[in-house]
Amino acid sequence: MKLTQPQQTISNSDARFKVAACGRRFGKSWLAMNEMAKFARFPDQRILAVAPTYKQCKNIWWNDLRGMLLDLNWVKKINETDLTITLVNSSTITLRSSENYDALRGGKYNFLVMDEFADMNPDAWFQVLRPTLSDMKGHALFIGSPKGRNHFYDMWINADHNDDWEAFQYTTLEGGNVDSDEIESARLDLSDRDFEQEYMSQFVSYSGVIFYAFDDKLNRQKYNWDQFNDRTPIHCAIDFNVSPITASICVKTNTGLHIIDEIEIYGSNTMELVQEINRRYGTARQRYAYPDATGSRTNTNSMGTSDHIILQNNGFKLVTGKTNPNVNESISAVNSLLLNGAGERNLQIDPKCVKNPRMHVEVCV
Ligand SMILES: Nc1ncnc2c1ncn2[C@@H]1O[C@H](COP(=O)(O)OP(=O)(O)OP(=O)(O)O)[C@@H](O)[C@H]1O
Ligand SMILES: [Mg+2]
């Protein structure tokens, strides 16, 4: 397997723990596979590769890995149900998802790779997998695209300050698998923030800038689903202006608002968004929609019907002004919900919502 120059730079580093933040399509999963093979060249090595979901293990790696190792004539045994390949030199490569990370306790490994680490529960590493490297002083590669300033960001920052650790950062363009025309076209399609994150591999965060009152701990609270029943109204803030279109699902609580869910639909398809909200929350309850004003214009993706009409035809009650509210007013309204003068935090976001609070502006004004 020939690596690109930046992949080679990461591979060549002799740090025990490597943290690589790279743009989409950089070649992260390919590099991960190469590193598995690199460690597996030696006899009796135990290698574990972890992806966020089982489906990703199968889709990202299984077929390519199996094919590559068969081509090399390294394979002794393939266990498809266990996603484990045993090599003729007695090394093993096992693929696992981090969904049920507790089940990974008890192993011991020479090399661990965690692909799309930003999408995983950090406890998978801190509580479960870190100790599995202790017996053999195993190495680890954490690789992924940034997802805001979450645990992956912390690890990437810390890697610069710890012995044995090294941090890397590469854009999609540097990966060499996507040409510059395509990247420019993506720049036009995405919001600035999404482009910076997905293609430029930046750990972007607005929470410290516009939403100065947002506190990652104090405004994040798990929603208590005991309070939720078939009749609880939901309030859906919808932003048609971004790709993908996004909806924040909120409920009113006795102190304010709780954002309990978020939905993204690629390709700006309002009908699909509506169907997804109905699939998750049913059609029996009141569903209020707070679309931004641009949605009243005809949406060419919806066969000439405006997004507002699609929402109404599907049972949503529209709450909308004729024009978008003044952005500064909206932002200060959200900030005061996040933290008011009396020190109360009346807007809570469930931790399962990973998007930036910026997208929740409309519903809160
Ligand atoms: N060194 C390489 N040589 C040849 N092809 C490569 C190389 N690295 C990556 N590729 C190809 O580039 C494409 C993207 O690679 P890969 O899936 O590893 O990227 P990724 O960063 O994991 O992408 P995503 O962000 O979608 O997860 C794949 O088709 C892969 O086969
Ligand atoms: Mg990948």
Largest-first principal axis extents, alpha carbons of the stretch 82-168, Å: 40, 28, 21
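Looking at the chain only, what percent of DSSP beta bridges run antiparallel? Nearest 5 please. Provide the component values of the computation, followed by the final result.
Numbers: 21 of 58 bridges.
Taking every DSSP beta bridge with both residues in the chain, the antiparallel ones total about 35 percent.
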Mean residue ellipticity at 222 nm from the helices of the chain, using -39,500 (n - 2.57) per DSSP H segment of n ≥ 4 over the full residue count, to the nearest 500 deg cm²/dmol? -7000 deg cm²/dmol
Looking at the square roots a ≥ b ≥ c of the eigenvalues of the Cα gyration tensor of the stretch 3-151, which shape do they give, rounded for a/c under 1.5, prolate if a/b is larger than b/c, or oblate? rounded
Residues with beta-carbon under 9 Å from that of His258, excluding His258: net charge, scoring Lys, Arg +1 and Asp, Glu -1? 0
How big is D for the stretch 11-67, in µm² s⁻¹ as a whole number, if Stokes-Einstein is applied with the Kirkwood radius of its Cα pairs at 10 °C and 1.306 mPa s? 125 µm²/s
What angle, in degrees between 0 and 90 and rounded to the nearest 10, separates the Cα long axis of helix 180-189 from the longest principal axis of the Cα atoms of the chain? 30 degrees
Overall form of the stretch 104-236 per C-alpha gyration tensor (a/c, 1.5; a/b vs b/c): oblate
Which value results for Rg/Rh of the chain when Rg is the Cα radius of gyration and Rh the Kirkwood radius based on the inverse mean 1/r? 1.02
Identify, among Leu31, Ala103, Pro291, the residue whose Cα sits farthest towards the positive end of the charge dipole of the chain, taking +1 on the Cβ of Lys and Arg and -1 on the Cβ of Asp and Glu, with the dipole about the Cα centre. Ala103
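Where a number appears in this text, it was derived from the coordinates with a stated rule and is not lab data. Please read all numbers here as calculations on a predicted model, not as lab measurements. For neighbour counting, all protein chains shown are included, and Cβ atoms are generated from backbone atoms with ideal geometry for every residue, glycine included.
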